[in-house]
Structure formats: structure tokens, C-alpha cells
1. Could you check the spin-label model distance between Lys451 and Phe349? Points 7 Å from the Cα along Cα→Cβ, value in nm.
2. What distance in nm separates the two pseudo spin-label positions at Lys356 and Glu384, each 7 Å out from Cα along the beta-carbon direction?
3. What accessible area per residue comes out for region 287-493, rounded to a whole number of Å², with a 1.4 Å probe?
4. Can you give the FRET efficiency for Arg181 and Phe30, using 1/(1 + (r/R0)^6), R0 = 25 Å, r = Cβ-Cβ distance, to the nearest 0.05?
5. Tell me, what is the per residue accessible area of region 12-208 in Å², probe radius 1.4 Å?
6. What is the calculated FRET efficiency for Val15 to Ser166, with r their C-beta to C-beta distance and R₀ = 35 Å, to the nearest 0.05?
7. Cβ neighbours within 10 Å, averaged per peptide: list 125-137, 90-102, 398-410, 17-29 in order, most packed at the top.
8. Using Cα-Cα distances under 8 Å and only pairs 6 or more residues apart, what relative contact order does region 12-208 have, in percent?
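The values are calculated or read from the model by the stated rules, or taken from the named source; none is laboratory data. It should be emphasised that the depicted structure is a prediction, and the values quoted were computed from it without experimental measurement. Here the Cβ positions follow ideal geometry from the backbone for every residue, glycine too, while neighbour counts run over all protein chains shown. When the accessible area is computed, the model is the full protein with side chains, heavy atoms only, and any ligands, DNA or RNA have been set aside. Shrake-Rupley method; radii C 1.70, N 1.55, O 1.52, S 1.80 Å.
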Amino acid sequence: MTVKAVKMPCTSANVYTKVPDGGWGWTVAFAFFVVEALTYGIIKSFGVFFNDLMESFDETNSRISWIISICVFVQTFTAPLSTVLSNRFGHRLVVMAGGLLVSAGMVIASFARSVVEMYVTIGIVSGLGYCLSFLPTVTILSQYFDKRRSLVTAVASTGECFAVFSFAPAITALKEQIGWRYSMLSVGVLQLGITACGSLLRPIVIREQEEVKAQPPEEPTETKYMLENEQTCTSIESIDSGVDITTSPSNVPGKTKAEPKSEEPKQHGQNPTDNNSTPPEPKTKLLDFSVMRDYSFICYAFFGLFATLGFFAPSLYIIPLSRSLGIGKDHSAYILSAMAIAEVFGRIFAGWLLNKKPIRKIYIELICVILLSVALVAFPFASEFWGLMICSVYFGFMLGTVAGTHIPLLAEDDVVGIERMSSAAGVYVFIQSLAGLAGPPLAGVLVDTTKNYSSAFYSCAAGMVLGAVFLALVRPCKTGLCHQQQQQQQQQVEESTAGPPPELPDDFIDMDIGKAENSGKGSDSVV
């Protein structure tokens, strides 16, 4: 069956008979690419301002790290709010509002005179904007694709990688010309592009095309009434046969099953053909917390909680680590750019591999998380430029395989499925907020205590290992839950089949008693 889209104005929804796996979805994928670049790409590139902020505000590593940690916390903590607003007002309006908040927070931060003002502007204002921009975009993109979902989402998510690759050297060079304040102001103005991308997020509606079954040729009217007369005579001779004595054509065999469906329209003065009209769609819940009763989702949420510890800290501390080893500013920026390029290939590779479906996607994700833990442990053993470059390339590739797939994987049946994807994404990212808040400051405290940047990478590796443990439990919990549901359904079927015998109507018993009395009188008269 071909996919048909109803032509509608740009402000209305796209209506398809099935998931298009393309169409306007390619425009949504491009919008997601740009949104990724201007949200997570900027967050990961924020490390280029790290030393400048420490010198300008005379603060420690841990206090400067709170800027990004508060931003990530607000971004993830307000994920349920993003889901509620998207279901209420639509994805387009929410993303456009988020773009305005992101830009406003970054622009105001360029005039900040203390680190506390940075906490409010970038941490709270921009953090809320990041949430309203990113989550609705990735959710609506998953609705436009089915078979190609993993590949398209992975390729579109490479926007943040290209942003880190281009923004890190560009901002470093721009700072030398105009200073870090005007550089941050330029970044804030650039982030207004999120609002333009939000206008492209046209909602999608899937309406299955109704198949019109071929009706058998109708018999002539005379044949119908002759057949009725025969059955009527038979019903008179057999009073308990249950056939109504009527000349209505609705009692013809083959019409009796369709009778209840045709009665309702007649009562309301509608034509029988109105039965084929599409029933009203049920109202969508603003936020469905029933996913919290799913054990597989709970394990997956704990995986996201601990794995988030290793997502942001390496990109935030790779430049300070390289500077502590005596590597220059330019070469440090190249290391971060190489990490971003490797992440591009990792995302594309993960999308291609998941699209092939050689094994379950949840197992592929588990292997990538284990290899990512190894990459985090390898960083402290690097002592020169090329050692850090190799570790960064390896880490970037493995990070791409995980970061580009962990949220879209919620749409798979092994976790919650596409029907509950929107609510599950909000709750999942909300649970991640605790790690987003604690991760960078925890790494900063360890660095300030040990006077060694290697401790930050060890803490990230520990969190990633714990995440791998919970990810390994997702599939067993899902199969166990499905097995319990099958047992409950089987018990319900057995109880329904072994129920009490059907009750006989009262008139049936009265007629049998009447027959018995008549037969008794007949026998007495014979005697």
C-alpha cells in the first residue's frame, strides 16, 4: 500500500495513512540537525570558555563547573514540563519558545559580572530553553520514521558533533580578536536559529486507510420475502425456536449480525453509510506516568541516570587536561574537534548497525556502553598530545554510538514502544537530571582535591559501568513482565470458559410446562 499524504496548509498537520519513513520527515530531520548543533553542540563547546571564566571571576574548577551542571540539570529536570506543553500546545510552538529562551540566556550571560549571574542566565534560562527545544524535536522526528528511525535519528544527531568540530576552533580564534564576552554574545545571537527550526516541525497524524470489502450481490426482493415466509411458517410450528414472526428484511440470515450496528444511526437520524466514518480519536494524556510501572523502563532509566555522568565531563575537561600536560591552546582545541568528528562516525555507524537488526538493539547498546567505559579509563594513561588524540578519537566514536541512540531506543518494544514514547522520554530525561546536576561538580571537586584531572575521568567511568549493569537488566525484566501478562490472560480465558452454564429464559420454561400440561390432559382424555 502506498503512503498517501493529505495536502494541507503549512500551519496544519500532515495526515498519512501509515508512517511515511520520509516525506516531510526529511525536513524535520534537517531541523533536528540544526537544533542539535545549537543546543548540545554549544554545551559541549563551552569548555573553551572554562579558563577565561576562572580568570575573570577568580573562581575554582568546581564553581565554574556548576554553570554547565545547573544548565544540564534544568534541561533534564523540566523534561516532563516540555512533554506537557508539547501535548497541549504542539511541538512547533514549544520549540520556538525554547529557542528564544536559549538565545536570551546566552546574550544576557555575556554581560554577567559574577559566576552567580552565570548560574541564573545560562544555568536556568538557557537550560529551560534547551529542554523546550531538544526533547520535542527528537520526539516528533521518531514519529515520522519507523524502519529508518535508528539511522535517520543517528545521522541527524550528528549536528552537535559538527558544531563542536567547527565551534571550538572558531570561538577560540574569535576570543583572541574580540574577547570572550563578545564571543559569547555572538553565540547567543546564532542560537536564534532554533526558533526558525521550530517553525518547520509540522505535526503528523496517522489514519489507517479503511478497506472497503466487496459486498455479495443482493438477492431479488421476492426471493427474500419467499424465504422469510418459509422461516415464519417453521417458527409458528416450533414456538420455542426463537425466530421472531416478522416480515422485516432485517431478519434474513446474514443480516442479523449487522442489525445492531445499523440501529444506532437510525435512532439519531443518520444514514447507514455513516458507520464507516472515522471514530473520534481519544484525547492524548498530557503526561502518562504509567511507564513507571514497567520494570524494563525503570532499569533503562537507571542506565540513563548513571551513564549521564560520563557524557559531559570528558568534553568539559579535555582542554584543561591537555593544558595541564603542557599542550598549547590551539592543539587542545584540535583534540576536542577530533573527538567531535569521531563522534559523527560513531553515530552514523550505530544508526546503520541498528537499522540492519543483526541482533536485538538493546544488546548492541550494551556492547557500546561497555566499550565506552573502557575509553574513559584510557584517558588518565595519556601523557602527550598524540596519546590524548587517540583516546579522544576512540571516546568520541563510542560516545556517538551511545549518545545518538539512547533516547530513540525508548521507542523500541524492548523498552516502552512508540505509543508511549513521548511520555517516556519526558520521564526518562527527568530522571537523568540528577546525574546532570551532580556529574560535572563531582568531577570538579575530585580535581580540586586530588590536583589531578585524571580523577574526573575515573568518576565518569564508574558511572558508565553502573549504567551498563542496569542496561543489561532491561531485556530480562521485559521478558519476565510479558510472561506474567501472558499467564494472567491465560487464566482469564480459562475462567471465562469454565464459567456457569447460561441461564435459560423464563418464557422457555413456561412454554415447556404448558406443553407438559397439554400432553397430560391429552392422555387423560384418551383414557
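1. Taking the two extended label points, one gets 3.9 nm.
2. So the label points at Lys356 and Glu384 sit 3.6 nm apart.
3. Details: 8550 Å² over 207 residues.
Heavy-atom accessible area per residue stands at 41 Å².
4. 0.20
5. 36 Å²
6. After rounding, the FRET efficiency stands at 0.40.
7. Values: 125-137: 28.5, 90-102: 22.8, 398-410: 25.2, 17-29: 17.8.
Answer by packing, highest mean first, reads 125-137, 398-410, 90-102, 17-29.
8. It comes to 45 percent, rounded to a whole number.
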